[in-house]
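The values are calculated or read from the model by the stated rules, or taken from the named source; none is laboratory data. On a predicted model such as this, the values are computed, not experimentally measured, just so you know. In this analysis, Cβ positions are derived from the backbone assuming ideal geometry, glycine residues included, and neighbour counts consider all displayed protein chains.
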Amino acid sequence: MQAPGTSMQEAVILLLLLEASSGGEALHLVHLPATSNVAENSPPGTLVHKFSVNLSVSLAPVVPGFPLIINSSPLIEVFKVNKLTGTNFEVVTFGKQQLDFETGPNTFDLQIYVKDEVGVTDLQILTVQVTDVNEPPEFQGNLAKGTGLDLFVAERANPGFIYQVEAFDPEDTRRHIPLSYFLTSPSRNFGMSANGTLFSTTELDFEAGHKSFHLVVEVRDSGGLKASTELRVSIVNINDEIPLFTSPTRVYSIPEELRVGTIVANVTAEDPDQDGSFPGHLLYTITTVSKYFVINQLTGTILVARRIDRDAGELRQNPTISLEVLVRDRPSGGQENRIQITFIVEDVNDNPATCSQLTFSIMVPESAANGTLLLDLSKFCFDSDSKAPNNAFNFTTPSGVGSSRRFLQDPAGSGKIVLTGDLDCENPSNLAAGNRYTLIIQVQDVAPPYYKNNIHISILTSPVNEFPLVFGRPSYVFDVSELRPARTRVGQVQAMDKDFPQSSITYSIASGGASLQYPSVFWINPKTGELQLVTKADYETTPTYTLRIRATNGEDTSSVTVTVNILGENDEKPVCTPDSYFLAIPVDLQVGTNIQNFKLTCTDLDSSPRSFRYTIGPGNINSHFAFSPSAGSNVTRLLLASPFDYAGGLDKVWDYELLVYITDDNLLSGRTKAGALVETGTVTLSVKVIPLPTTIITTTPVPRVTYQILRENVYSPSAWYVPFVVTLGSILLLGFLLCLIVLLAKAISRCCPCKTRKNEKPPAKKGGTDVQHVKKAAVVEVIQLNTVFDGEAVDPVTGETYEFNTKTGARRWKKSTAQMPASRKPSAQGPIAAPRRVAAGEGPGLPGSTSQEGDGPRGQEHTQGVGLGVRSKDGKPCTPKHRNPAPTSRALPKPHAAM
């Protein structure tokens, strides 16, 4: 045991060493930084670089998991650090991503970080450069999958181009160095150019055995690396070879009395084009006329078509029958070949009664009639004995399941099987038997030892399309209301086929049913035949549709005519012209007057003119208005039915808004009107009642009354003719006034010689009268009758008083009594004629006064006085001493609106 002083010294020395080590060599990576190379496409685990870790003086080990790559530029995980020993490590490739010199980065900067357990670290950079490696070429396009390619070439095609092989090499393609293509196995039928073009060198024949070829194409780069793939070239067979007969026999010997249907020869042939891949069958036919034989078109077997008797007919002299058989590979066109077949009929001598066929299978159509011969056994059974009764034989009565009452020999023992029953497939009893029957008949000698043989006959009934596809009716007529909506059932057609087994029937619309808006107004259910509406039908547009319905069951097709009558319904409202109007009538209009000759003209697309009924709804207060006729016509007039009574207080409305209802139910009886469709149109009429002008006769100047005339524009837009008539009347009136002015000017020029012949004096005639002067005086001298002005009013503009006539409306300014001449003062006896000379441009009366008095007696008096002149006591015309003064220049007071 050491002394305590010695132990203390050792601890001090250890501390000194540790202190010295902390300032000595630190942890660092050996062989880093460095640059290493790695080949492209290197597999995972390929060594890139080895390095070691120099521990620090503390000899602390490296933390597990270190060193490691903490950053990579570019940031791709393709490298990792593997531990070899405690301080030795290596950098290897990582399998997450393949190194590719052509497509990927070529340089990687790896930051390798190491850390020990006391926290000492170091970081160094390893630069890894990817080196280029020559890679083999790669096929492109359809060959890129590596499974080869199937090519197809038609036989007999001209030699030439077949396919272009394309490949890619990362190095040579980048440097624009061409690749080399060639076939690894030489072929006399194919070749390949240096640029990869596959071509045929010969014409390929499928029948010569050239059906498919396996070619190996190899592509090689400039470095000698190569790649190969397989091209499988298949020759497509075409129909270019004639059929070849394979049956060696050309001459056949057949016995006589062979039964009908017996195969006497089997002609076979083969088509070199048919290798199983080319669809089709050979078809055989007999080109020569032959009554003894028929040939099966599909198999080439020649069968007996009728009885062959060597001892009778033309065969007695020449027992040879020659046929020409034609074989072709298509029903029309294609390739064909011919062969001659010779049949030699031999005589048969057989003692026992025998038959060439003891089993028969017969297909009988269901439509076969009673008495139809199904099979004649005597043609198949014979006895060659030369003498009777040894060569005689007969047949027993047929027996078998289902043969009763259906089949019979007629005559008995003759072997002729005839149909005596019903084979109809639609018969329930035949359906129960399955339409299949079996007969057993024995053929036996009539002489001992009575040789016999059983003959089995199988009869199968074949269905016949004996019933046409017919509709239940020769034609269909359906009615549908025009108010019915879409998908309404119009009717149903039904076709039937009595044949069994029955097939489904499909219905369709062949033609008809179109309208202006729709290509078809109807739709038919293809399974049930139910006819429906696609949209509403319009009676007014098309009242009747004629359809052609077609039904088919795959065998037969039938069609039927369907007439669809659209039932007109009252769905159109009456339309009247005008539909709105404005009318103005005086309050004193007589009852029964046609108001302004107004009339309504109404039309209805689905109603007759006699079906209209006119009523006035709200607005016809006190029933002042009515239409005549009120029903039974499409033209009616508005009448005043009762007078207005505003004075008595019965009427208070001056503007009437009449709503006229036009209903098309006039022809309906009371019983049917409740359930009938009734349409109503409306017309709006505005009627304004014009009151009479209010007049007040005033005999004293006080109180003064001011009359205001209110004029209201009652023009209605519908009264388009009003401005037209007013304009036309104004033009005519203006023309008439111009004519009057011209005539007046001419008259004045003729009647005033003082202006034109001032210095001329007419010659005086003794004892006579100046006729010319009298005529001139008659023209220019008039007598004016004063109008009685029985009312007066104050002009609101000037404030002056004017007089007016309450009947004619004539007006004049009122003058004081002092201003009026004595001769113009009214007398108690009535108006006094005041003669005056009428100057040009002047008229009788005041400005603005009218001559409406001419309608009454006063007007007649005034008319009679015009142009008479004033005469003296001796009868000579003279000039009146007193004349009316010239009219004043003041304007006549204008009417103004009532306050």
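Observations on the model:
- Inside the range 523-539, residues that are in contact (Cβ under 8 Å) with a residue 24 or more places away in the chain and in contact with a strand residue (DSSP E or B) (Cβ under 8 Å, 6 or more places away or on another chain) make up a count of 11.
- Residue selected from the range 619-655 under the condition within 49 Å of the chain's Cα centre (by Cα) and not polar (S, T, N, Q), by the criterion surrounded by the fewest Cβ atoms within 10 Å (Cβ to Cβ): V635
- Scanning the range 463-491 for residues that are over 12 Å from V560 (Cβ atoms), modelled with pLDDT of 90 or more and among the polar types (S, T, N, Q) yields a total of 1.
- For A265: the one exception among (1) in contact with an Asp or Glu (Cβ under 7 Å, 6 or more places away or on another chain); (2) surrounded by 18 or more Cβ atoms within 10 Å (Cβ to Cβ); (3) in a strand (DSSP E or B): (1)
- Looking only at the range 175-199, and only at residues there that are closer than 16 Å to L151 by Cα and aliphatic (A, V, I, L, M), the one that is surrounded by the fewest Cβ atoms within 10 Å (Cβ to Cβ): L183
- Residue check for D665: at pLDDT below 80, acidic (D, E) and either out of contact with any Phe, Trp or Tyr (no Cβ under 6 Å at 6 or more places or on another chain) or assigned to a strand (DSSP E or B) (or both): yes
- Qualifying positions in the range 539-556 - under 24 Å from G568 (Cα atoms), more than 23 Å from the chain's Cα centre (by Cα) and crowded, with 17+ Cβ neighbours inside 10 Å: Y539
- Counting only strands (runs of 3 or more DSSP E) that fall entirely inside the range 442-543 and contain at least 1 residues that are within 30 Å of A369 (Cα to Cα), the qualifying elements are 452-462.
- Residue check for Q444: under 30 Å from Q357 (Cβ atoms) and either of a type in the set (S, T, Y) or surrounded by 12 or more Cβ atoms within 10 Å (Cβ to Cβ) (or both): yes
- Residues in the range 243-263 that are out of contact with any Leu (no Cβ under 7 Å at 6 or more places or on another chain) and of a type in the set (A, V, I, L, M): L244, V251, I254, L258, V260.
- Among the conditions (1) closer than 19 Å to I295 by Cβ; (2) in a loop (DSSP other than H, G, I, E, B), S253 misses just one, which is (2).
- Leading residue by the ranking (nearest to T541 (Cα to Cα)) among those in the range 465-492 that are β-branched (V, I, T) and surrounded by 15 or more Cβ atoms within 10 Å (Cβ to Cβ): V480
- Single match in F94, F89 (criterion: in contact with a Phe, Trp or Tyr (Cβ under 7 Å, 6 or more places away or on another chain) and more than 19 Å from L123 (Cβ to Cβ)): F94
- Residue check, T103 modelled with pLDDT under 85 and either outside the structural domain of R175 (by TED's automatic domain parsing) or under 27 Å from D172 (Cβ atoms) (or both): yes
- Among the conditions (1) modelled with pLDDT of 85 or more; (2) under 30 Å from L29 (Cα atoms); (3) of a type in the set (F, W, Y), the only one that F94 does not satisfy is (1).
- Condition check for D273: on the phi < 0 side of the Ramachandran plot and in contact with a helix residue (DSSP H, G or I) (Cβ under 7 Å, 6 or more places away or on another chain): no
- Count - residues of the range 134-162 that are among the hydrophobic types (A, V, I, L, M, F, W, C), more than 17 Å from T197 (Cα to Cα) and surrounded by 15 or more Cβ atoms within 10 Å (Cβ to Cβ): 0
- The residues of the range 205-240 that are more than 21 Å from N189 (Cα to Cα) and either assigned to a strand (DSSP E or B) or modelled with pLDDT under 80 (or both), listed by number, are R220, S222, G223, G224, K226, A227, N239.
- Unique residue being loosely packed, with under 13 Cβ neighbours inside 10 Å, of a type outside the set (A, V, I, L, M) and within 23 Å of Q335 (Cα to Cα) when the list is T249, T288: T249
- Among (1) in contact with a helix residue (DSSP H, G or I) (Cβ under 6 Å, 6 or more places away or on another chain); (2) at pLDDT 85 or above - the single one L32 does not satisfy: (1)
- Here G413 passes the criteria (1) modelled with pLDDT under 80; (2) in a loop (DSSP other than H, G, I, E, B); (3) assigned by TED's automatic domain parsing to the domain that holds N394; (4) not acidic (D, E) except the one numbered (1).
- V587 vs. criteria of a type in the set (V, I, T) and in the same structural domain as W654 (by TED's automatic domain parsing): yes
- Residue check: T601 meets all listed conditions (1) touching a residue at least 40 places away in the same chain (Cβ under 8 Å); (2) in a strand (DSSP E or B) but one, namely (1).
- Matching option when the condition is in a loop (DSSP other than H, G, I, E, B) and hydrophobic (A, V, I, L, M, F, W, C), among I177, I162: I177
- Test result for F395, among the hydrophobic types (A, V, I, L, M, F, W, C), under 30 Å from G568 (Cβ atoms) and at pLDDT 85 or above: no
- Among (1) of a type outside the set (S, T, Y); (2) in contact with a Lys or Arg (Cβ under 8 Å, 6 or more places away or on another chain); (3) surrounded by fewer than 16 Cβ atoms within 10 Å (Cβ to Cβ); (4) modelled with pLDDT of 85 or more - the single one I585 does not satisfy: (3)
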